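Student: Once you've had a glance at the structure underneath, I'll fire off some questions.
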Ligand SMILES: [Zn+2]
(Lines give C-alpha, C1' and ligand atoms only; values in the text may rest on other atoms or scores of the structure.)
Protein backbone atom coordinates (compact mmCIF):
# COMPACT_ATOMS: atom_id res chain seq x y z
CA UNK A 1 0.00 0.00 0.00
CA UNK A 2 2.75 2.46 0.97
CA UNK A 3 5.33 1.12 -1.49
CA UNK A 4 4.61 3.71 -4.11
CA UNK A 5 5.14 6.65 -1.77
CA UNK A 6 8.25 8.55 -0.76
CA UNK A 7 8.51 10.01 2.71
CA UNK A 8 10.28 13.29 3.45
CA UNK A 9 11.21 13.39 7.14
CA UNK A 10 11.63 17.05 7.91
CA UNK A 11 12.64 19.18 10.82
CA UNK A 12 12.95 22.95 10.89
CA UNK A 13 14.51 25.25 13.42
CA UNK A 14 12.83 28.64 13.31
CA UNK A 15 13.12 32.03 14.95
CA UNK A 16 9.63 31.65 16.49
CA UNK A 17 6.26 29.95 16.26
CA UNK A 18 4.45 32.05 13.63
CA UNK A 19 4.79 30.77 10.08
CA UNK A 20 3.91 34.17 8.61
CA UNK A 21 6.18 36.29 10.78
CA UNK A 22 9.08 34.10 11.79
CA UNK A 23 11.87 32.66 9.73
CA UNK A 24 13.56 29.35 9.07
CA UNK A 25 17.17 29.10 10.27
CA UNK A 26 17.87 25.40 9.83
CA UNK A 27 16.39 22.65 7.65
CA UNK A 28 17.05 18.93 7.65
CA UNK A 29 15.38 16.51 5.23
CA UNK A 30 15.73 12.77 4.95
CA UNK A 31 14.04 11.11 2.00
CA UNK A 32 12.92 7.48 2.45
CA UNK A 33 11.05 5.02 0.30
CA UNK A 34 7.87 3.25 1.50
CA UNK A 35 9.88 0.58 3.32
CA UNK A 36 12.00 3.04 5.26
CA UNK A 37 15.11 2.78 3.05
CA UNK A 38 17.05 5.98 2.59
CA UNK A 39 16.96 7.78 -0.74
CA UNK A 40 19.23 10.58 0.45
CA UNK A 41 19.42 13.40 2.94
CA UNK A 42 20.27 17.06 3.09
CA UNK A 43 20.68 19.75 5.71
CA UNK A 44 21.63 23.35 5.89
CA UNK A 45 21.70 26.28 8.24
CA UNK A 46 19.75 29.19 6.78
CA UNK A 47 20.41 32.86 7.41
CA UNK A 48 17.02 34.09 8.64
CA UNK A 49 18.07 37.72 7.97
CA UNK A 50 16.54 38.82 11.23
CA UNK A 51 17.44 38.73 14.89
CA UNK A 52 17.18 35.46 16.82
CA UNK A 53 15.42 35.69 20.21
CA UNK A 54 17.62 34.66 23.14
CA UNK A 55 15.45 31.78 24.26
CA UNK A 56 15.57 30.34 20.76
CA UNK A 57 19.36 30.66 20.79
CA UNK A 58 19.40 28.83 24.12
CA UNK A 59 16.99 26.13 22.93
CA UNK A 60 18.72 25.38 19.66
CA UNK A 61 22.28 26.55 20.20
CA UNK A 62 21.96 28.48 16.92
CA UNK A 63 23.42 31.96 17.36
CA UNK A 64 23.56 34.91 14.96
CA UNK A 65 27.22 34.04 14.46
CA UNK A 66 26.43 30.52 13.34
CA UNK A 67 24.02 31.64 10.59
CA UNK A 68 26.17 34.50 9.34
CA UNK A 69 27.35 33.77 5.83
CA UNK A 70 24.98 30.81 5.46
CA UNK A 71 22.61 30.63 2.45
CA UNK A 72 19.31 32.47 2.63
CA UNK A 73 16.05 30.51 2.18
CA UNK A 74 15.91 31.95 -1.35
CA UNK A 75 19.22 30.23 -2.08
CA UNK A 76 18.06 26.76 -1.01
CA UNK A 77 14.37 26.84 -1.94
CA UNK A 78 14.86 24.88 -5.18
CA UNK A 79 16.85 22.19 -3.38
CA UNK A 80 14.19 21.95 -0.65
CA UNK A 81 11.45 21.65 -3.27
CA UNK A 82 13.43 18.93 -5.05
CA UNK A 83 13.25 16.80 -1.91
CA UNK A 84 9.68 17.59 -0.90
CA UNK A 85 7.83 17.52 -4.20
CA UNK A 86 5.47 14.53 -4.37
CA UNK A 87 6.64 13.06 -1.06
CA UNK A 88 4.61 12.58 2.12
CA UNK A 89 5.72 15.11 4.72
CA UNK A 90 6.74 13.43 7.99
CA UNK A 91 7.39 15.63 11.00
CA UNK A 92 6.95 15.71 14.76
CA UNK A 93 3.98 17.97 15.41
CA UNK A 94 3.76 18.21 11.64
CA UNK A 95 1.29 21.08 11.57
CA UNK A 96 4.09 23.38 12.61
CA UNK A 97 6.55 22.34 9.92
CA UNK A 98 3.85 22.06 7.26
CA UNK A 99 2.69 25.61 8.04
CA UNK A 100 6.19 27.09 7.76
CA UNK A 101 7.00 25.21 4.57
CA UNK A 102 3.67 26.07 2.95
CA UNK A 103 4.09 29.76 3.67
CA UNK A 104 7.75 30.13 2.79
CA UNK A 105 7.56 27.97 -0.33
CA UNK A 106 4.55 29.94 -1.54
CA UNK A 107 6.64 33.10 -1.37
CA UNK A 108 8.72 31.55 -4.15
CA UNK A 109 5.80 30.29 -6.20
CA UNK A 110 5.68 26.70 -4.94
CA UNK A 111 2.24 25.48 -3.87
CA UNK A 112 2.86 22.95 -1.11
CA UNK A 113 -0.14 20.80 -0.04
CA UNK A 114 1.42 17.46 0.88
CA UNK A 115 -0.10 14.43 2.56
CA UNK A 116 1.10 14.73 6.14
CA UNK A 117 2.22 12.13 8.63
CA UNK A 118 2.65 13.45 12.16
CA UNK A 119 4.93 11.30 14.31
CA UNK A 120 3.57 12.96 17.45
CA UNK A 121 0.04 11.82 16.55
CA UNK A 122 1.38 8.41 15.58
CA UNK A 123 3.19 8.03 18.91
CA UNK A 124 0.04 9.01 20.82
CA UNK A 125 -2.02 6.49 18.87
CA UNK A 126 0.42 3.58 19.03
CA UNK A 127 1.63 4.24 22.59
CA UNK A 128 -1.21 5.88 24.49
CA UNK A 129 0.33 4.69 27.79
CA UNK A 130 3.54 6.62 27.42
CA UNK A 131 3.28 9.68 29.65
CA UNK A 132 5.01 12.00 27.18
CA UNK A 133 5.30 11.95 23.42
CA UNK A 134 7.84 14.72 22.79
CA UNK A 135 10.87 13.67 20.76
CA UNK A 136 13.22 13.72 23.76
CA UNK A 137 10.84 11.60 25.82
CA UNK A 138 10.44 9.19 22.92
CA UNK A 139 14.22 8.89 22.55
CA UNK A 140 14.53 8.03 26.25
CA UNK A 141 11.74 5.51 25.95
CA UNK A 142 13.11 3.66 22.93
CA UNK A 143 16.73 3.91 24.04
CA UNK A 144 17.91 6.11 21.19
CA UNK A 145 20.83 8.24 22.19
CA UNK A 146 21.07 11.64 20.57
CA UNK A 147 23.94 13.98 21.46
CA UNK A 148 21.85 17.06 20.74
CA UNK A 149 18.19 17.97 20.62
CA UNK A 150 16.39 20.75 18.78
CA UNK A 151 18.85 20.64 15.96
CA UNK A 152 17.27 19.76 12.69
CA UNK A 153 19.11 16.61 11.58
CA UNK A 154 19.29 15.27 15.13
CA UNK A 155 15.51 15.50 15.36
CA UNK A 156 15.06 13.92 11.94
CA UNK A 157 17.27 11.02 13.10
CA UNK A 158 15.17 10.70 16.25
CA UNK A 159 11.96 10.56 14.20
CA UNK A 160 13.51 7.94 11.96
CA UNK A 161 14.55 5.91 15.02
CA UNK A 162 11.01 6.10 16.38
CA UNK A 163 9.48 5.00 13.05
CA UNK A 164 11.88 2.02 12.86
CA UNK A 165 11.14 1.14 16.47
CA UNK A 166 7.36 1.27 16.01
CA UNK A 167 7.47 -0.70 12.77
CA UNK A 168 9.50 -3.44 14.51
CA UNK A 169 7.61 -3.31 17.79
CA UNK A 170 4.04 -3.24 16.45
CA UNK A 171 4.69 -5.25 13.31
CA UNK A 172 4.41 -4.20 9.69
CA UNK A 173 0.62 -4.76 9.51
CA UNK A 174 -0.33 -2.58 12.49
CA UNK A 175 2.25 0.05 11.59
CA UNK A 176 1.10 0.39 7.98
CA UNK A 177 -2.54 0.36 9.07
CA UNK A 178 -2.04 3.35 11.37
CA UNK A 179 -0.02 5.19 8.75
CA UNK A 180 -2.74 4.53 6.19
CA UNK A 181 -5.41 5.78 8.58
CA UNK A 182 -3.55 9.03 9.21
CA UNK A 183 -2.85 9.57 5.54
CA UNK A 184 -6.44 8.81 4.51
CA UNK A 185 -5.31 5.93 2.29
CA UNK A 186 -7.31 2.73 1.82
CA UNK A 187 -6.18 0.43 4.62
CA UNK A 188 -6.85 -3.09 5.75
CA UNK A 189 -7.23 -3.83 9.44
CA UNK A 190 -4.04 -5.57 10.65
CA UNK A 191 -5.77 -8.88 11.25
CA UNK A 192 -7.18 -9.08 7.73
CA UNK A 193 -5.03 -10.12 4.83
CA UNK A 194 -5.44 -9.16 1.20
CA UNK A 195 -6.39 -12.80 0.55
CA UNK A 196 -9.21 -12.55 3.10
CA UNK A 197 -10.57 -9.55 1.29
CA UNK A 198 -10.06 -10.99 -2.19
CA UNK A 199 -12.17 -13.96 -1.15
CA UNK A 200 -15.24 -11.77 -0.61
CA UNK A 201 -17.46 -12.14 -3.68
CA UNK A 202 -18.69 -9.28 -5.81
CA UNK A 203 -22.26 -10.42 -5.22
CA UNK A 204 -25.24 -9.11 -3.32
CA UNK A 205 -25.47 -10.22 0.28
CA UNK A 206 -25.26 -9.39 3.96
CA UNK A 207 -22.00 -9.22 5.91
CA UNK A 208 -20.88 -9.08 9.51
CA UNK A 209 -17.74 -7.36 10.76
CA UNK A 210 -16.51 -9.13 13.89
CA UNK A 211 -14.22 -8.09 16.73
CA UNK A 212 -11.41 -9.93 18.48
CA UNK A 213 -13.68 -12.23 20.46
CA UNK A 214 -16.06 -12.76 17.57
CA UNK A 215 -18.44 -10.07 18.84
CA UNK A 216 -20.63 -8.46 16.18
CA UNK A 217 -19.46 -4.93 15.42
CA UNK A 218 -21.38 -4.14 12.27
CA UNK A 219 -24.06 -5.76 10.16
CA UNK A 220 -24.55 -4.52 6.65
CA UNK A 221 -26.00 -5.34 3.27
CA UNK A 222 -24.60 -4.67 -0.17
CA UNK A 223 -25.16 -5.04 -3.87
CA UNK A 224 -21.51 -6.04 -4.07
CA UNK A 225 -20.15 -7.45 -0.81
CA UNK A 226 -16.54 -6.96 -1.90
CA UNK A 227 -16.84 -3.24 -2.63
CA UNK A 228 -18.97 -2.51 0.39
CA UNK A 229 -16.65 -4.23 2.86
CA UNK A 230 -13.60 -2.49 1.38
CA UNK A 231 -15.47 0.78 1.59
CA UNK A 232 -15.30 0.50 5.40
CA UNK A 233 -11.52 0.65 5.19
CA UNK A 234 -11.09 3.32 2.55
CA UNK A 235 -10.38 6.88 3.51
CA UNK A 236 -10.92 6.52 7.21
CA UNK A 237 -9.03 9.31 8.81
CA UNK A 238 -8.80 11.12 12.07
CA UNK A 239 -10.82 9.62 14.86
CA UNK A 240 -14.02 9.07 12.95
CA UNK A 241 -16.44 6.27 13.71
CA UNK A 242 -15.24 4.50 10.57
CA UNK A 243 -11.68 4.58 11.90
CA UNK A 244 -12.67 3.20 15.27
CA UNK A 245 -14.54 0.41 13.52
CA UNK A 246 -11.63 -0.37 11.19
CA UNK A 247 -9.28 -0.62 14.20
CA UNK A 248 -11.46 -3.25 15.85
CA UNK A 249 -12.36 -5.51 12.95
CA UNK A 250 -10.73 -8.94 13.19
CA UNK A 251 -12.98 -11.01 11.00
CA UNK A 252 -15.63 -10.88 8.31
CA UNK A 253 -18.54 -13.20 7.66
CA UNK A 254 -20.85 -12.94 4.72
CA UNK A 255 -23.78 -14.61 3.08
CA UNK A 256 -24.42 -14.31 -0.63
CA UNK A 257 -28.03 -13.54 -1.51
CA UNK A 258 -30.01 -13.40 -4.73
CA UNK A 259 -30.37 -9.63 -4.95
CA UNK A 260 -31.06 -6.30 -3.31
CA UNK A 261 -34.61 -7.18 -2.28
CA UNK A 262 -33.34 -10.25 -0.49
CA UNK A 263 -30.61 -8.15 1.15
CA UNK A 264 -33.30 -5.79 2.41
CA UNK A 265 -35.42 -8.59 3.89
CA UNK A 266 -32.46 -10.33 5.54
CA UNK A 267 -31.03 -7.17 6.98
CA UNK A 268 -34.39 -6.11 8.30
CA UNK A 269 -34.94 -9.48 9.96
CA UNK A 270 -31.41 -9.75 11.39
CA UNK A 271 -31.28 -6.28 12.85
CA UNK A 272 -34.37 -7.08 14.83
CA UNK A 273 -32.55 -9.47 17.15
CA UNK A 274 -28.87 -8.72 16.62
CA UNK A 275 -27.25 -5.66 18.14
CA UNK A 276 -24.06 -4.66 16.37
CA UNK A 277 -21.83 -2.83 18.85
CA UNK A 278 -20.50 -0.15 16.54
CA UNK A 279 -23.48 0.65 14.40
CA UNK A 280 -25.75 3.57 14.85
CA UNK A 281 -29.15 2.09 15.52
CA UNK A 282 -31.88 3.47 13.39
CA UNK A 283 -34.32 4.35 16.11
CA UNK A 284 -37.08 1.83 16.12
CA UNK A 285 -39.71 3.72 14.19
CA UNK A 286 -43.12 3.78 15.81
CA UNK A 287 -46.12 2.64 13.87
CA UNK A 288 -46.38 3.81 10.30
CA UNK A 289 -48.52 6.91 9.95
CA UNK A 290 -51.36 7.22 7.51
CA UNK A 291 -52.57 10.60 6.36
CA UNK A 292 -56.23 10.79 5.40
CA UNK A 293 -57.89 13.43 3.26
CA UNK A 294 -61.09 14.57 4.98
CA UNK A 295 -63.43 17.01 3.22
CA UNK A 296 -64.99 19.47 5.68
CA UNK A 297 -68.36 21.24 5.53
CA UNK A 298 -66.90 23.97 3.28
CA UNK A 299 -65.85 21.39 0.75
CA UNK A 300 -62.21 21.88 1.61
CA UNK A 301 -59.80 19.01 2.21
CA UNK A 302 -58.16 18.77 5.60
CA UNK A 303 -55.50 16.29 6.60
CA UNK A 304 -55.80 13.81 9.48
CA UNK A 305 -52.89 11.80 10.83
CA UNK A 306 -53.57 8.35 12.19
CA UNK A 307 -51.36 5.53 13.47
CA UNK A 308 -50.93 2.35 11.51
CA UNK A 309 -52.77 1.45 8.36
CA UNK A 310 -56.29 0.44 9.40
CA UNK A 311 -57.69 -2.52 7.44
CA UNK A 312 -60.94 -0.62 7.01
CA UNK A 313 -59.13 2.17 5.18
CA UNK A 314 -57.42 -0.29 2.85
CA UNK A 315 -60.67 -2.12 2.14
CA UNK A 316 -62.64 1.04 1.44
CA UNK A 317 -60.16 1.96 -1.29
CA UNK A 318 -59.92 5.48 0.14
CA UNK A 319 -56.84 7.42 -1.03
CA UNK A 320 -54.36 7.85 1.82
CA UNK A 321 -50.73 8.81 2.08
CA UNK A 322 -48.43 6.61 4.12
CA UNK A 323 -45.24 7.51 6.03
CA UNK A 324 -42.66 5.71 8.15
CA UNK A 325 -43.93 7.25 11.38
CA UNK A 326 -45.94 10.18 12.68
CA UNK A 327 -42.97 12.47 13.21
CA UNK A 328 -41.76 12.07 9.63
CA UNK A 329 -45.31 12.36 8.32
CA UNK A 330 -45.84 15.73 10.03
CA UNK A 331 -42.49 17.12 8.95
CA UNK A 332 -42.73 15.94 5.35
CA UNK A 333 -46.36 16.98 4.86
CA UNK A 334 -45.62 20.48 6.15
CA UNK A 335 -42.65 20.74 3.77
CA UNK A 336 -44.59 19.50 0.76
CA UNK A 337 -47.53 21.79 1.54
CA UNK A 338 -45.25 24.82 1.76
CA UNK A 339 -43.50 23.88 -1.50
CA UNK A 340 -46.86 23.71 -3.23
CA UNK A 341 -48.06 26.96 -1.65
CA UNK A 342 -50.86 25.23 0.26
CA UNK A 343 -52.42 26.76 3.32
CA UNK A 344 -51.40 24.90 6.47
CA UNK A 345 -54.26 26.58 8.29
CA UNK A 346 -56.87 25.28 5.87
CA UNK A 347 -55.26 21.84 5.89
CA UNK A 348 -55.71 21.97 9.66
CA UNK A 349 -52.18 20.78 10.35
CA UNK A 350 -50.87 23.74 12.31
CA UNK A 351 -49.61 22.84 15.75
CA UNK A 352 -50.53 25.17 18.58
CA UNK A 353 -48.80 28.52 18.27
CA UNK A 354 -47.69 27.85 14.68
CA UNK A 355 -48.57 30.28 11.91
CA UNK A 356 -49.14 29.70 8.22
CA UNK A 357 -47.11 31.83 5.83
CA UNK A 358 -49.05 31.13 2.63
CA UNK A 359 -50.05 33.99 0.36
CA UNK A 360 -53.63 33.94 1.63
CA UNK A 361 -52.75 34.00 5.36
CA UNK A 362 -50.16 36.71 4.75
CA UNK A 363 -52.93 39.09 3.62
CA UNK A 364 -54.48 41.19 6.36
CA UNK A 365 -57.96 39.82 7.05
CA UNK A 366 -60.70 40.26 9.58
CA UNK A 367 -60.66 36.64 10.68
CA UNK A 368 -63.97 35.89 9.01
CA UNK A 369 -63.19 35.61 5.32
CA UNK A 370 -60.35 33.17 5.80
CA UNK A 371 -61.62 30.86 3.10
CA UNK A 372 -62.40 33.72 0.78
CA UNK A 373 -61.28 33.24 -2.78
CA UNK A 374 -60.14 29.66 -2.38
CA UNK A 375 -61.24 27.45 -5.24
CA UNK A 376 -61.91 24.29 -3.29
CA UNK A 377 -61.72 21.82 -6.14
CA UNK A 378 -58.44 23.24 -7.32
CA UNK A 379 -57.00 23.30 -3.79
CA UNK A 380 -58.09 19.74 -3.04
CA UNK A 381 -56.45 18.52 -6.23
CA UNK A 382 -53.23 20.34 -5.34
CA UNK A 383 -53.10 18.59 -1.97
CA UNK A 384 -53.31 15.14 -3.51
CA UNK A 385 -50.67 16.09 -6.06
CA UNK A 386 -48.34 17.42 -3.40
CA UNK A 387 -48.46 14.11 -1.54
CA UNK A 388 -48.59 11.96 -4.67
CA UNK A 389 -45.30 10.14 -4.12
CA UNK A 390 -46.54 9.04 -0.68
CA UNK A 391 -49.97 7.81 -1.73
CA UNK A 392 -50.58 4.26 -0.61
CA UNK A 393 -50.65 1.82 -3.52
CA UNK A 394 -53.17 -0.97 -3.03
CA UNK A 395 -51.73 -4.49 -3.25
CA UNK A 396 -51.97 -5.23 -6.98
CA UNK A 397 -52.80 -8.96 -6.73
CA UNK A 398 -55.81 -10.99 -5.74
CA UNK A 399 -53.72 -13.52 -3.83
CA UNK A 400 -50.22 -14.14 -2.45
CA UNK A 401 -47.31 -14.11 -4.91
CA UNK A 402 -43.77 -15.35 -5.27
CA UNK A 403 -41.39 -12.70 -6.51
CA UNK A 404 -38.17 -14.14 -7.90
CA UNK A 405 -34.70 -12.71 -7.68
CA UNK A 406 -31.54 -14.15 -9.21
CA UNK A 407 -27.91 -13.05 -9.00
CA UNK A 408 -25.35 -13.23 -11.80
CA UNK A 409 -24.15 -16.68 -10.76
CA UNK A 410 -27.66 -18.05 -11.08
CA UNK A 411 -28.53 -18.29 -7.38
CA UNK A 412 -32.26 -17.59 -7.10
CA UNK A 413 -34.61 -16.87 -4.21
CA UNK A 414 -38.38 -16.71 -4.21
CA UNK A 415 -39.91 -14.26 -1.74
CA UNK A 416 -43.38 -15.06 -0.51
CA UNK A 417 -45.50 -11.91 -0.29
CA UNK A 418 -49.06 -10.96 0.32
CA UNK A 419 -50.65 -7.55 0.79
CA UNK A 420 -47.19 -5.91 1.12
CA UNK A 421 -46.31 -8.36 3.93
CA UNK A 422 -43.25 -10.59 3.74
CA UNK A 423 -43.66 -14.29 4.56
CA UNK A 424 -40.20 -15.70 3.93
CA UNK A 425 -37.63 -16.45 1.23
CA UNK A 426 -37.26 -19.84 -0.43
CA UNK A 427 -34.83 -21.63 -2.67
CA UNK A 428 -35.47 -24.47 -5.07
CA UNK A 429 -33.85 -27.68 -3.86
CA UNK A 430 -33.20 -29.48 -7.12
CA UNK A 431 -32.26 -32.81 -5.51
CA UNK A 432 -35.40 -33.08 -3.44
CA UNK A 433 -37.45 -31.24 -6.06
CA UNK A 434 -39.06 -28.95 -3.51
CA UNK A 435 -39.03 -25.38 -2.23
CA UNK A 436 -37.08 -24.95 0.97
CA UNK A 437 -37.06 -21.95 3.26
CA UNK A 438 -33.80 -20.06 2.91
CA UNK A 439 -31.90 -19.92 6.17
CA UNK A 440 -32.65 -16.84 8.18
CA UNK A 441 -30.15 -16.27 11.01
CA UNK A 442 -31.08 -17.94 14.30
CA UNK A 443 -34.26 -19.33 12.87
CA UNK A 444 -34.64 -22.95 11.99
CA UNK A 445 -34.27 -22.89 8.24
CA UNK A 446 -34.95 -25.53 5.71
CA UNK A 447 -38.69 -26.00 6.10
CA UNK A 448 -40.17 -27.15 2.82
CA UNK A 449 -43.18 -25.44 1.43
CA UNK A 450 -45.97 -26.33 -0.97
CA UNK A 451 -49.09 -24.59 -2.20
CA UNK A 452 -51.13 -25.40 0.87
CA UNK A 453 -48.54 -24.48 3.48
CA UNK A 454 -47.68 -21.30 1.57
CA UNK A 455 -51.32 -20.28 1.57
CA UNK A 456 -51.66 -21.08 5.27
CA UNK A 457 -48.60 -19.03 6.02
CA UNK A 458 -49.99 -16.03 4.17
CA UNK A 459 -53.16 -16.18 6.25
CA UNK A 460 -51.16 -15.29 9.37
CA UNK A 461 -52.10 -11.79 10.42
CA UNK A 462 -49.09 -9.47 10.23
CA UNK A 463 -48.85 -5.76 10.96
CA UNK A 464 -48.26 -3.50 8.00
CA UNK A 465 -44.53 -2.78 7.95
CA UNK A 466 -43.51 0.41 6.24
CA UNK A 467 -39.96 -0.83 5.44
CA UNK A 468 -41.26 -3.92 3.70
CA UNK A 469 -43.87 -1.91 1.82
CA UNK A 470 -41.24 0.51 0.43
CA UNK A 471 -38.83 -2.30 -0.34
CA UNK A 472 -41.34 -4.46 -2.19
CA UNK A 473 -42.80 -1.48 -4.02
CA UNK A 474 -39.35 -0.55 -5.29
CA UNK A 475 -38.77 -3.97 -6.83
CA UNK A 476 -42.14 -5.46 -7.68
CA UNK A 477 -42.37 -3.95 -11.17
CA UNK A 478 -38.92 -5.11 -12.22
CA UNK A 479 -38.84 -8.67 -10.92
CA UNK A 480 -40.69 -11.73 -12.19
CA UNK A 481 -43.78 -12.33 -10.12
CA UNK A 482 -46.11 -15.35 -9.99
CA UNK A 483 -49.25 -15.98 -8.02
CA UNK A 484 -49.04 -19.01 -5.75
CA UNK A 485 -51.50 -21.05 -7.78
CA UNK A 486 -49.62 -20.35 -11.02
CA UNK A 487 -46.31 -21.10 -9.36
CA UNK A 488 -47.28 -24.49 -8.00
CA UNK A 489 -49.31 -25.41 -11.10
CA UNK A 490 -46.08 -25.69 -13.12
ZN1 LIG B 1 -52.38 29.77 5.01
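Student: Does region 137-153 hold any residues that are part of a loop (DSSP other than H, G, I, E, B), buried (at least 16 other Cβ atoms within 10 Å of the Cβ) and either out of contact with any helix residue (DSSP H, G or I) (no Cβ under 8 Å at 6 or more places or on another chain) or in contact (Cβ under 8 Å) with a residue 60 or more places away in the chain (or both), and which are they?
Tutor: Once the filter is applied, which keeps residues that are part of a loop (DSSP other than H, G, I, E, B), buried (at least 16 other Cβ atoms within 10 Å of the Cβ) and either out of contact with any helix residue (DSSP H, G or I) (no Cβ under 8 Å at 6 or more places or on another chain) or in contact (Cβ under 8 Å) with a residue 60 or more places away in the chain (or both), region 137-153 yields 150, 151.
Student: I'm told residue 333 meets every condition in (1) more than 30 Å from residue 382 (Cβ to Cβ); (2) touching a residue at least 40 places away in the same chain (Cβ under 8 Å) except one. Can you identify the failing condition by its number?
Tutor: With respect to (1) more than 30 Å from residue 382 (Cβ to Cβ); (2) touching a residue at least 40 places away in the same chain (Cβ under 8 Å), residue 333 is out only on (1).
Student: Pick from 263, 291, 295: which is more than 16 Å from the ligand (Cβ to nearest atom), surrounded by 18 or more Cβ atoms within 10 Å (Cβ to Cβ) and more than 26 Å from residue 403 (Cα to Cα)?
Tutor: Details: 263 fails: more than 26 Å from residue 403 (Cα to Cα); 295 fails: surrounded by 18 or more Cβ atoms within 10 Å (Cβ to Cβ).
Selected residue: 291, the only one of 263, 291, 295 that is more than 16 Å from the ligand (Cβ to nearest atom), surrounded by 18 or more Cβ atoms within 10 Å (Cβ to Cβ) and more than 26 Å from residue 403 (Cα to Cα).
Student: Same structure, new question: Take residue 253 and tell me if it is part of a strand (DSSP E or B), free of Cβ contacts under 8 Å to residues at least 60 places away in the same chain and touching a helix residue (DSSP H, G or I) at 6+ places or on another chain (Cβ under 7 Å). Write out each step before concluding.
Tutor: Working: part of a strand (DSSP E or B): yes; free of Cβ contacts under 8 Å to residues at least 60 places away in the same chain: yes; touching a helix residue (DSSP H, G or I) at 6+ places or on another chain (Cβ under 7 Å): no.
Against the criterion (part of a strand (DSSP E or B), free of Cβ contacts under 8 Å to residues at least 60 places away in the same chain and touching a helix residue (DSSP H, G or I) at 6+ places or on another chain (Cβ under 7 Å)), residue 253 does not qualify.
Student: Taking residue 128 as the residue in question, decide whether it is surrounded by fewer than 17 Cβ atoms within 10 Å (Cβ to Cβ), farther than 30 Å from residue 15 by Cβ and in contact with a strand residue (DSSP E or B) (Cβ under 7 Å, 6 or more places away or on another chain). Talk me through it step by step, then tell me what you get.
Tutor: On the way: surrounded by fewer than 17 Cβ atoms within 10 Å (Cβ to Cβ): yes; farther than 30 Å from residue 15 by Cβ: yes; in contact with a strand residue (DSSP E or B) (Cβ under 7 Å, 6 or more places away or on another chain): no.
Taking the combined requirement at face value, the residue does not satisfy it.
Student: Which one of these does residue 130 not meet: (1) assigned to a helix (DSSP H, G or I); (2) touching a helix residue (DSSP H, G or I) at 6+ places or on another chain (Cβ under 7 Å)?
Tutor: It fails just one condition, (1).
Student: Can you tell me which of (1) under 25 Å from residue 271 (Cα atoms); (2) modelled with pLDDT under 90; (3) in a strand (DSSP E or B) is the one residue 444 doesn't meet?
Tutor: (3)
Student: Starting from region 340-356, keep only residues that are closer than 21 Å to residue 290 by Cα and in contact (Cβ under 8 Å) with a residue 40 or more places away in the chain, then list their pairs with residues that are within 9 Å of the ligand (Cβ to nearest atom) and part of a loop (DSSP other than H, G, I, E, B) whose Cβ atoms are within a distance under 7 Å, requiring at least 6 positions of separation or different chains.
Tutor: That search, which allows pairs on different chains as well, returns 342/358.
Student: Let me ask another. Just checking, how many residues over region 344-364 are in contact with a strand residue (DSSP E or B) (Cβ under 8 Å, 6 or more places away or on another chain) and more than 8 Å from the ligand (Cβ to nearest atom)? Give the derivation first.
Tutor: Filtering region 344-364 down to residues in contact with a strand residue (DSSP E or B) (Cβ under 8 Å, 6 or more places away or on another chain) leaves 346-349.
Still in the running and more than 8 Å from the ligand (Cβ to nearest atom): 347-349.
Qualifying residue count, region 344-364: 3.
Student: Of everything in region 374-421 that's assigned to a loop (DSSP other than H, G, I, E, B) and under 32 Å from the mean Cα position of the chain (by Cα), which residue is surrounded by the fewest Cβ atoms within 10 Å (Cβ to Cβ)? Steps first, please.
Tutor: If we filter region 374-421 for residues that are assigned to a loop (DSSP other than H, G, I, E, B), which is where we start, we get 374-375, 387, 392-400, 407-411, 419-420.
Applying the additional criterion that residues be under 32 Å from the mean Cα position of the chain (by Cα) yields 387, 392, 407-411, 420.
Values: 387: 24, 392: 20, 407: 19, 408: 10, 409: 9, 410: 7, 411: 17, 420: 24.
Among them, the one singled out is 410.
Student: Against the condition within 16 Å of the ligand (Cβ to nearest atom), modelled with pLDDT of 80 or more and more than 30 Å from residue 418 (Cα to Cα), how does residue 301 come out, does it pass? Before you say what the answer is, go through the steps one by one.
Tutor: Working: within 16 Å of the ligand (Cβ to nearest atom): yes; modelled with pLDDT of 80 or more: yes; more than 30 Å from residue 418 (Cα to Cα): yes.
Against the criterion (within 16 Å of the ligand (Cβ to nearest atom), modelled with pLDDT of 80 or more and more than 30 Å from residue 418 (Cα to Cα)), residue 301 qualifies.
The values are calculated or read from the model by the stated rules, or taken from the named source; none is laboratory data. Quick caveat: nothing in here was measured; it's all calculated off a predicted structure. We place every Cβ from the backbone using ideal geometry, glycine too, and count neighbours over all the protein chains shown.
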